[in-house]
Each structure stands twice: as C-alpha cells, then as structure tokens.
Amino acid sequence: MPEHPATQKAQLRAALAVDRTLTTAQLERRGLARAAEWLALPTVTRTCRTRTTQPHSDIDLVFVALDDSVLTRPSRDLMHDAGLAEARHRLQRGMVPSARWRHVELAGRQRVHLPDAEVLHHDPRKDWAVEFDAGYSPERREAKLEAAARVGYGVLVWATSIHARIPVVTAQAAALHSRERLSGVEGVVAVFVDFWSSRDPYADRPRCHKDMTKSVWFRERAGG
C-alpha cells in the first residue's frame with residue numbers, strides 16, 4: 001500500500017536535503033514520483049553519458065531538486081549527485097544510525113585529493129570515503145584510492161555506473177594494499193549504481209551474472 005502523500009513528501013524533502021539531486025527514474029523506483037509533482041519541485045532535462053567511456057550510454061535524464069539553483073550546475077555535477085544518491089540509498093542498511101553522510105566541497109582544493117562524499121562516524125578512523133566513477137582511467141582510480149588512504153579514511157567506497165568495473169576496482173585496491181600503498185585502510189567496497197533505469201536494475205536476471213557489489217577487506221580489520 002502506498003505511503004500517505006504527506007509521508008511521501010517528507011521522505012522526498014529529506015532525501016533531497018542530503019542528496020541535492022535525484023532523477024525521476026530514481027523517484028519512480030522509490031515510489032516518490034508523485035511526491036515531486038505534489039510539491040511542484042523544479043526539474044531540468046539533460047542529456048548525460050552515464051558511462052563516459054561508452055557512447056551508447058547517452059540518455060536524457062530529468063533531474064529534480066528542492067531549489068532551481070541546484071539545477072543550473074553542469075550536467076556532470078548533476079549526474080555525480082544522482083550517482084552518489086544511489087550509492088547512499090544502497091549503503092544505508094550498512095550504516096550505523098549515528099553515521100552522517102555529507103558531500104565533500106572542493107573549496108579551491110584539487111579534487112584528486114578529496115573523495116566526492118564521506119560518511120562520518122564518532123571515531124574518525126572509521127570514516128568512509130565515497131567516490132562516484134562513471135569512467136575514470138586506471139591511473140585516476142589509483143590516485144583517488146591512495147589519496148583517500150593518505151587522508152585517513154578507514155573504508156573506501158567506490159560507486160560506479162559501469163558494471164564490469166566492480167571486480168576491477170577491488171583487484172586494483174588489493175594490489176595497492178599488497179604494495180603498502182593503502183596503509184590504515186580496513187577495506188574497499190565497490191558498488192554498482194544505476195540512476196537512469198525506472199525498472200529495478202538490481203533484480204536477479206538469468207543472463208546477468210555481473211557483480212552488483214564486491215568487497216575486499218584487509219588484515220587491519222581483524223578485531224575491529
């Protein structure tokens with residue numbers, strides 16, 4: 001049975017207060033499409049390449065936000081918001097209630113040294129770095145993983161819109177750790193995120209044997 005309209009509107013407002021931008025496809029899957037209509041929220045349509053290395057992945061996406069100013073940003077930023085929002089939605093069950101998700105603002109700093117978002121805990125050594133990847137090169141992935149380790153994040157979450165990248169990222173992380181280049185990191189979690197499909201993209205399908213998530217945990221986690 002659908003949630004009461006007031007509940008749906010409250011849920012959507014709460015989500016957008018954190019995620020900034022969601023696509024109508026995401027809203028449909030969460031049962032919140034009507035809530036956006038009831039609230040008369042602003043929208044914008046952009047053509048986005050959801051996997052930057054795959055030209056056939058171009059698609060028109062409708063982005064929704066609480067405020068018009070959020071939607072004036074470049075398409076890449078809106079897509080990053082939607083990808084991170086999907087990651088947060090998928091990871092919420094594994095987050096402790098006291099954990100706090102926030103986007104990392106650049107404030108004039110180079111992005112290579114910062115993740116896209118972070119999950120903060122009472123113990124900073126347990127904080128998560130969250131990255132959204134729609135087509136990074138191997139060198140870029142390596143730089144991002146190593147930078148997050150240097151900052152002191154305990155867990156690195158790699159959200160990607162590229163299915164085949166899931167095992168690649170964890171294998172790369174394991175190789176870096178074996179060379180002592182991810183010192184202090186407890187583990188790396190790679191998760192597939194889809195913010196463009198109105199159907200359930202994570203449902204089991206007989207012909208789809210690709211990983212939706214994959215983790216690699218290191219010895220530092222023992223007893224933690």
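The values are calculated or read from the model by the stated rules, or taken from the named source; none is laboratory data. Keep in mind that this is a model prediction, so the values were computed, not measured. Glycine gets a Cβ as well: all are built from the backbone with ideal geometry, and neighbour counts include every protein chain shown. SASA here: full protein model, heavy atoms, side chains in, ligands and nucleic acids out. Shrake-Rupley method; radii C 1.70, N 1.55, O 1.52, S 1.80 Å.
At a glance:
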read-out: Residue within the range 22-36 that is hydrophobic (A, V, I, L, M, F, W, C), assigned to a helix (DSSP H, G or I) and at pLDDT below 90 present; value: no
read-out: All positions within the range 21-35 that are within 16 Å of A85 (Cα to Cα) and either open to solvent by less than 70 Å² (accessible area, probe 1.4 Å) or free of Cβ contacts under 8 Å to residues at least 12 places away in the same chain (or both); value: T21, L22, T23, T24, A25, Q26, L27, R29, R30, G31, L32, A33
read-out: Selected residue (criterion: nearest to I166 (Cα to Cα)) from residues of the range 39-71 that are touching a helix residue (DSSP H, G or I) at 6+ places or on another chain (Cβ under 6 Å) and either charged (D, E, K, R) or open to solvent by 80 Å² or more (accessible area, probe 1.4 Å) (or both); value: R51
read-out: Condition met for G187 (surrounded by 15 or more Cβ atoms within 10 Å (Cβ to Cβ) and more than 16 Å from the chain's Cα centre (by Cα)); value: yes
read-out: Cβ pairs under 7 Å, 6+ apart, first in the range 163-191 and within 13 Å of T213 (Cα to Cα), second among the acidic types (D, E) and buried (at least 19 other Cβ atoms within 10 Å of the Cβ); value: R165/D133
read-out: Subset of the range 127-153 (residues that are touching a residue at least 40 places away in the same chain (Cβ under 8 Å) and at negative phi); value: V130, F132, A134, L145
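One line per residue, one yes/no per condition, for (1) assigned to a helix (DSSP H, G or I); (2) over 15 Å from the mean Cα position of the chain (by Cα):
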{"position": "F63", "(1), (2)": "no, yes"}
{"position": "A85", "(1), (2)": "yes, no"}
{"position": "R102", "(1), (2)": "no, no"}
{"position": "G135", "(1), (2)": "no, no"}
{"position": "E142", "(1), (2)": "yes, yes"}
{"position": "L156", "(1), (2)": "no, no"}
{"position": "H163", "(1), (2)": "no, no"}
